[in-house]
1. Pick from I6, I38: which is in a loop (DSSP other than H, G, I, E, B) and farther than 25 Å from F134 by Cβ?
2. What do you reckon, is V123 in a loop (DSSP other than H, G, I, E, B) and closer than 19 Å to S168 by Cβ?
3. Of these, F28, F17, F93, F24, which one is in contact (Cβ under 8 Å) with a residue 12 or more places away in the chain, surrounded by fewer than 19 Cβ atoms within 10 Å (Cβ to Cβ), more than 30 Å from E188 (Cα to Cα) and aromatic (F, W, Y)?
4. Looking at S161, S168 in this structure, which one is modelled with pLDDT of 90 or more and among the hydroxyl-bearing types (S, T, Y)?
5. On the basis of being surrounded by 15 or more Cβ atoms within 10 Å (Cβ to Cβ), part of a helix (DSSP H, G or I) and at pLDDT below 95, does A83 make the cut?
Amino acid sequence: MRRKRISTAFYTLAYGFGVPAFHFLTWFMLNGKSQDSITRDTFVALGVLAAVIQVFAIAVLLTFIYRVWKAIQDGEASTSPAAAAWLLLIPVFQLLWVFRAIWGFAKDYNRFLGRHGLELQKVPERFYLACSIFLAARWTYQTVGALQPFFKGMTLLGPYSHILTIWSLALTLIIIIRSSNAVNALPEPAAER
């Protein structure tokens, strides 16, 4: 029996619950604090919980990116698994690197299939590009939003910022599912047999 390299269910559920949980907690904290309905200790506890959930969701995404890139390493890949994941942690640079880590994976995976003569379904590169664009837009918005106290009265997307988060989450979850299925369809390397 062939073992799966990547657990589709784990990464989908972990990221799919982590990101909304973080956003719900921060929304609750901001709305509750403005109405003075939560105590300071509760506010701090929710803040710590939100931070832990955010770190977990980021770790899940980085681990996933590392694992999918590792599956296509044959000496011809355009980047290493470690670089694909870790360079996403560099502020501002991540806005460019997300295109290499996500869209670049789709291109490299499709080339990997061609190099090895594998008759498997290719992943849709344009869809991975769209996901990269939405992630970069969301991260840009979050970065500028963090600076918003310095620019009083400035709102970027206002109530529409949640739409950006929802679309980027939905596209990322689809990418996780498609990439997991694509990698799991690859034949096992000779060293693992």
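1. So the residue among I6, I38 that is in a loop (DSSP other than H, G, I, E, B) and farther than 25 Å from F134 by Cβ is I38.
2. Details: in a loop (DSSP other than H, G, I, E, B): yes; closer than 19 Å to S168 by Cβ: yes.
When the stated conditions are applied, V123 passes them.
3. Working: F17 fails: in contact (Cβ under 8 Å) with a residue 12 or more places away in the chain; F93 fails: in contact (Cβ under 8 Å) with a residue 12 or more places away in the chain; F24 fails: in contact (Cβ under 8 Å) with a residue 12 or more places away in the chain.
The unique qualifying residue is F28.
4. On the way: S161 fails: modelled with pLDDT of 90 or more.
Exactly one of S161, S168 is modelled with pLDDT of 90 or more and among the hydroxyl-bearing types (S, T, Y), namely S168.
5. Numbers: surrounded by 15 or more Cβ atoms within 10 Å (Cβ to Cβ): yes; part of a helix (DSSP H, G or I): yes; at pLDDT below 95: no.
When the stated conditions are applied, A83 does not pass them.
The values are calculated or read from the model by the stated rules, or taken from the named source; none is laboratory data. The model shown is predicted, which means the values in this text are computed figures rather than measured ones. Cβ: placed from backbone, ideal geometry, glycine included. Neighbour counts: every protein chain shown.
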